[in-house]
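Taking it in order: structure first as structure tokens, then the write-up.
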Amino acid sequence: MKVPRTTFPGLAGCRGVRLRFGRTVALDDLSFAVEKGETVAITGPSGCGKTSLLHVLSGLLRPDAGEVYFGSRELSAESDAARSRLRLTSFGFVLQFGDLVPELTLGENVELPLRMTGVRAAVAHRRALHLLEELGIGDLASRQAGAVSGGQAQRAAVARALVHEPQVVFADEPTGALDSTSGEAVLDCLFAAARQRHAAVVVVTHAAEVAQRADRVVRMRDGRVLETVAAR
């Protein structure tokens, strides 16, 4: 008999999730939850399943078994189209290399999530510029993404992840391609802006200095959660 959704804790997460790639076990009976406004760092050695967990939680991958939820919705039971729509409206993403469109300006890159959901151009432009200014790079809004520094581009990626007011931001090694000074500044921007908007942040990282900035650290090995500890 299926357990009612009301037994799930938190804003988003999974329970009893299993995921395989051929003979390789990526996630092995794993359960995880994040609360509204909470920042959680997922750490562990390469190949332990950190990014696979992020992809399952965000609906990019459907697990072989188990349940994935967001609010009252069971994502693992929804269609690809429904999960894609949810990623556009309720989730934000910050990747290691930002993945901005180099031919577009920083402002145009930040506007993209809004334009893809039908927000008028003038409104999208105003909201994007406001957020870029909040993150300290408003003066670069008209500069092409390929013509700014890595730290500036990653700040713009943070702005793009937050501009549509998501409830959860998924960040995969967001400071991994930056020097320590730029990485710390980007992390400050991400955590501060997300907390101001009461958005949860789930960040995959190898860096201890990144993990210790989160509210909670989840340590993984071989597709399982080894332990969960309060980071501060």
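The values are calculated or read from the model by the stated rules, or taken from the named source; none is laboratory data. These numbers were taken from a predicted model, which means no experiment stands behind them. Counting neighbours? That spans all protein chains shown, and the Cβs are built from the backbone with ideal geometry, glycine included.
Is there any pair with a first residue in the range 68-83 that is of a type outside the set (A, V, I, L, M, F, W, C) and a second that is assigned to a helix (DSSP H, G or I) and modelled with pLDDT of 90 or more whose Cβ atoms are under 6 Å apart and which are 6 or more apart or on different chains, and what are they?
Matching pairs, first to second residue: ARG83/LEU75.
Being among the β-branched types (Val, Ile, Thr), surrounded by fewer than 22 Cβ atoms within 10 Å (Cβ to Cβ) and within 18 Å of ALA26 (Cβ to Cβ) is the filter here; which residues of the range 205-232 pass it?
Selection gives VAL225 alone.
Taking the range 23-59, which residues are more than 14 Å from GLY223 (Cβ to Cβ) and in a loop (DSSP other than H, G, I, E, B)?
Hits for the range 23-59 are GLU35, LYS36, GLY37, GLU38, SER58, GLY59.
Restricted to the range 53-97, and to residues that are out of contact with any Ser or Thr (no Cβ under 8 Å at 6 or more places or on another chain) and polar (S, T, N, Q), which residue is surrounded by the most Cβ atoms within 10 Å (Cβ to Cβ)?
Among residues in the range 53-97 that are out of contact with any Ser or Thr (no Cβ under 8 Å at 6 or more places or on another chain) and polar (S, T, N, Q), the one surrounded by the most Cβ atoms within 10 Å (Cβ to Cβ) is SER58.
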